[in-house]
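Undergrad: Let me begin by handing over the structure; questions about it come next.
The values are calculated or read from the model by the stated rules, or taken from the named source; none is laboratory data. The model shown is predicted, which means the values in this text are computed figures rather than measured ones. Reconstructed Cβ throughout: ideal geometry from the backbone, glycine too, with neighbour counts over all protein chains shown. Only protein heavy atoms, including side chains, enter the accessible area calculation; ligands, DNA and RNA are left aside. Shrake-Rupley method; radii C 1.70, N 1.55, O 1.52, S 1.80 Å.
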Amino acid sequence: MDALDLARWQFAITTVYHFIFVPLTIGLSPLVAIMQTAWVRTGNERWLRLTKFFGKLLLINFALGVVTGIVQEFQFGMNWSEYSRFVGDVFGAPLAMEALAAFFVESTFLGLWIFGWDRLNKKVHLACIWAVALATNLSAFFILAANSWMQHPVGAVYNPQTGRAEMNDIWAVLTNSTLLAAFPHQITATMLTAGTFVTGIAAWWMVRLVRTRKAENVELARDVYRPAVTLGVVAMLVGGIGVGLSGDIQGKIMYEQQPGKMSSAEALCEGEESAAFSILTIGDLSNSCENVRHLIEIPGLASYLGSGHLSGPESYLPGVEDVQEQMTERFGDTTASGDPVTYTPNLAITYWSFRLMIGMAAGSVLLALMALWLTRKGRVTDNVWFARVGLVAIPMPFLANSFGWIFTEVGRQPWVVAPNPTGIDQIRLLTERGVSTAVSPGMVLTSMIVFTLVYGVLAGVWFLLMKRYAVEGVPLSVRDESPEAQRHDDDGDGSPDSVDRPLSFAY
């Protein structure tokens, strides 16, 4: 493998590892803020317990997210220095805004929230977690602004003297149509992720407590964990509906801006009217489209998702072979080095990542339906399948988010900066031209192995910490003196975990 292939693999591995933590931080921070708001307004201790419980899990996730995210921006100056030279004037601005206007606010107020429980006024302390929640979402906005510019460059001009793209309209970058579609889609996906996370853990605890048949445990399940299930289900419903609606809008925009990506997602080889949505396609899914057969289809659905029309001339969607021909005519059939260019992304990856992104939502849907039925009219349940589905459903939206990003990034290939179909002359960049010319395959391979191993260890640490403190459960009282709580002493000072102590965690 050459440096380009290795650099792409390294960036993909580190980004997917990092993106394990991002959706949960973005989605869980407002849910924790809602829990604390309920406690401040009602004075009901159940909400304080839930705030501390899920707040600790948020803290663990945030810490590991920061550690794994540090490497991301450095890669632009190492493996992808040619890309940075070409678009740094534009691409760097949203990243700088993310650091200055979002991450610093996020980390500062998170610190105040962690250590300010017995030092700050209740309302001031509550404002800190809301600042964290708003800053995490603002951070997502700026990151998506940078990525959306790669998908659909706007607000810039090409300088032929320097050979670089230069920003001339920051407002256009921050109101990019691609961004305005991607941001709500990603934010609602994080709500679905966090809602599934909260519901899954609370469902497991509810069933565990009710099955003991002890009155105090059943009351704890009803008083503490059932409200958590309800809040999580609401987040899942809002997030699920939002993902569907925003995804429909995003699909139509993609067909205007990157038709090759969406046609590849459907393995649609030749253009057609009233194109069907493929549920199962067989064949080698090579870029030549040979031996591709659609076995199970929903008539007209692909055309509706792409154009808003089920039939007629307006429902016509171009196939990947049409896109290849159009791109070849517009940009040529060879690279600067004389190699042939395939303007069609990898069909197998785009086709299956698109379906896995959608299909992984099934776990959240089943969990929400079970929760609505089994907890109706104030009930708690000992249904063991509810607990099992809760645990199985938790990783599903994490995987859906990852497959969504894989689809988004692989579907843009062979471009690292896709050309704007409405035309910003010369602002486009093939992926092979974005890789650094100063790194050797051996250097990239070494760093890729090191990062993969380190990130693998960090992912393991994250899982063990999340499992440990999820199994510990909410504090049973304002000052929990139980032997079990003392065995889970967080600070190693012999004092048990309780709701009136600052948040902390340790291995």
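Undergrad: Being more than 17 Å from VAL40 (Cα to Cα) and over 21 Å from the mean Cα position of the chain (by Cα) is the filter here, so list the residues in region 115-138 that pass it.
TA: PHE115 - this is the single residue of region 115-138 that is more than 17 Å from VAL40 (Cα to Cα) and over 21 Å from the mean Cα position of the chain (by Cα).
Undergrad: List every residue pair whose Cβ atoms lie under 7 Å apart, where the two residues are 6 or more positions apart in sequence or sit on different chains, the first residue falls within region 69-83 and is over 23 Å from THR25 (Cα atoms), and the second residue, located anywhere, is of a type in the set (D, E, K, R) and open to solvent by 60 Å² or more (accessible area, probe 1.4 Å).
TA: GLU82/ARG433
Undergrad: Touching a residue at least 12 places away in the same chain (Cβ under 8 Å), over 30 Å from MET236 (Cα atoms) and surrounded by fewer than 17 Cβ atoms within 10 Å (Cβ to Cβ): does that describe SER440?
TA: Considered against the rule, which asks whether it is touching a residue at least 12 places away in the same chain (Cβ under 8 Å), over 30 Å from MET236 (Cα atoms) and surrounded by fewer than 17 Cβ atoms within 10 Å (Cβ to Cβ), SER440 comes out as yes.
Undergrad: Right, LEU366: closer than 24 Å to ALA203 by Cα and free of Cβ contacts under 8 Å to residues at least 60 places away in the same chain or not?
TA: Against the criterion (closer than 24 Å to ALA203 by Cα and free of Cβ contacts under 8 Å to residues at least 60 places away in the same chain), LEU366 qualifies.
Undergrad: Give the number of residues within region 395-409 that are aliphatic (A, V, I, L, M) and open to solvent by less than 30 Å² (accessible area, probe 1.4 Å).
TA: Matching residues across region 395-409 total 1.
Undergrad: Please work out if GLU297 is farther than 30 Å from VAL207 by Cα and touching a residue at least 40 places away in the same chain (Cβ under 8 Å).
TA: no
Undergrad: Shifting gears a bit: Restricting attention to region 211-229, which residues are under 15 Å from ARG379 (Cβ atoms) and free of Cβ contacts under 8 Å to residues at least 12 places away in the same chain?
TA: Answer for region 211-229, where residues must be under 15 Å from ARG379 (Cβ atoms) and free of Cβ contacts under 8 Å to residues at least 12 places away in the same chain: just GLU219.
Undergrad: Pairs under 9 Å by beta carbon, first residue touching a residue at least 40 places away in the same chain (Cβ under 8 Å) and closer than 13 Å to ARG208 by Cα in region 387-400, partner of a type outside the set (A, V, I, L, M, F, W, C) and open to solvent by 60 Å² or more (accessible area, probe 1.4 Å), six or more apart or different chains?
TA: From region 387-400, the pairs are ALA387/ARG208; ALA387/ARG211.
Undergrad: Among the residues of region 364-381 satisfying the criterion of being within 32 Å of the chain's Cα centre (by Cα) and not aliphatic (A, V, I, L, M), which is nearest to ASN217 (Cα to Cα)?
TA: Step by step, filter region 364-381, then rank; the result is THR381.
Undergrad: Just checking, does region 127-140 include any residue being farther than 27 Å from GLY240 by Cα and assigned to a helix (DSSP H, G or I)?
TA: Yes, the conditions are met somewhere in region 127-140.
Undergrad: Can you tell me which residue among LEU179, LEU95 is more than 27 Å from LYS56 (Cα to Cα), at pLDDT below 90 and either aliphatic (A, V, I, L, M) or in a helix (DSSP H, G or I) (or both)?
TA: Among LEU179, LEU95, only LEU95 is more than 27 Å from LYS56 (Cα to Cα), at pLDDT below 90 and either aliphatic (A, V, I, L, M) or in a helix (DSSP H, G or I) (or both).
Undergrad: Please go through region 155-174 and give me each residue that is touching a helix residue (DSSP H, G or I) at 6+ places or on another chain (Cβ under 6 Å) and surrounded by fewer than 16 Cβ atoms within 10 Å (Cβ to Cβ), ordered by number.
TA: GLU166
Undergrad: Out of region 175-185, which residues are open to solvent by less than 20 Å² (accessible area, probe 1.4 Å) and free of Cβ contacts under 8 Å to residues at least 40 places away in the same chain?
TA: Within region 175-185, ASN176, LEU179 meet the criteria.
Undergrad: Checking the condition of a type in the set (Gly, Ala, Ser), in contact (Cβ under 8 Å) with a residue 40 or more places away in the chain and farther than 22 Å from GLY306 by Cα, which residue from GLY260, GLY232 passes?
TA: GLY232
Undergrad: Same structure again: Since MET97 meets every condition but one in (1) open to solvent by 10 Å² or more (accessible area, probe 1.4 Å); (2) more than 19 Å from ALA131 (Cα to Cα); (3) out of contact with any Lys or Arg (no Cβ under 9 Å at 6 or more places or on another chain), which condition does it not meet?
TA: (2)
Undergrad: Among the listed residues LEU58, LEU6, LEU31, which satisfies the condition of being under 16 Å from the mean Cα position of the chain (by Cα) and crowded, with 22+ Cβ neighbours inside 10 Å?
TA: Answer to the check: LEU58.
Undergrad: Just to be sure before I move on: is ALA146 touching a Pro at 6+ places or on another chain (Cβ under 7 Å) and within 30 Å of PRO419 (Cβ to Cβ) in the structure I sent?
TA: It is true that ALA146 is touching a Pro at 6+ places or on another chain (Cβ under 7 Å) and within 30 Å of PRO419 (Cβ to Cβ).
Undergrad: A further question follows. Of the numbered conditions (1) open to solvent by 30 Å² or more (accessible area, probe 1.4 Å); (2) in a loop (DSSP other than H, G, I, E, B); (3) closer than 20 Å to MET78 by Cβ, ILE424 fails exactly one; give the number of that condition.
TA: That leaves (3) as the condition not met.
Undergrad: Another question, if that's okay. So which pairs qualify, if the first residue must be in region 142-167 and at positive phi, the second must be open to solvent by less than 20 Å² (accessible area, probe 1.4 Å) and among the aliphatic types (A, V, I, L, M), the Cβ gap must be under 6 Å, and the two must be at least 6 apart or on different chains?
TA: GLY155/VAL173
Undergrad: Any residue at all in region 112-126 that's in contact with a Leu (Cβ under 9 Å, 6 or more places away or on another chain), part of a helix (DSSP H, G or I), of a type outside the set (Val, Ile, Thr) and surrounded by 21 or more Cβ atoms within 10 Å (Cβ to Cβ)?
TA: Among the residues of region 112-126, at least one is in contact with a Leu (Cβ under 9 Å, 6 or more places away or on another chain), part of a helix (DSSP H, G or I), of a type outside the set (Val, Ile, Thr) and surrounded by 21 or more Cβ atoms within 10 Å (Cβ to Cβ), which makes the answer yes.
Undergrad: Looking at region 5-43, which of its residues are in a helix (DSSP H, G or I), closer than 30 Å to GLY77 by Cβ and β-branched (Val, Ile, Thr)?
TA: Passing the criteria: ILE13, THR14, THR15, VAL16, VAL22, THR25, ILE26.
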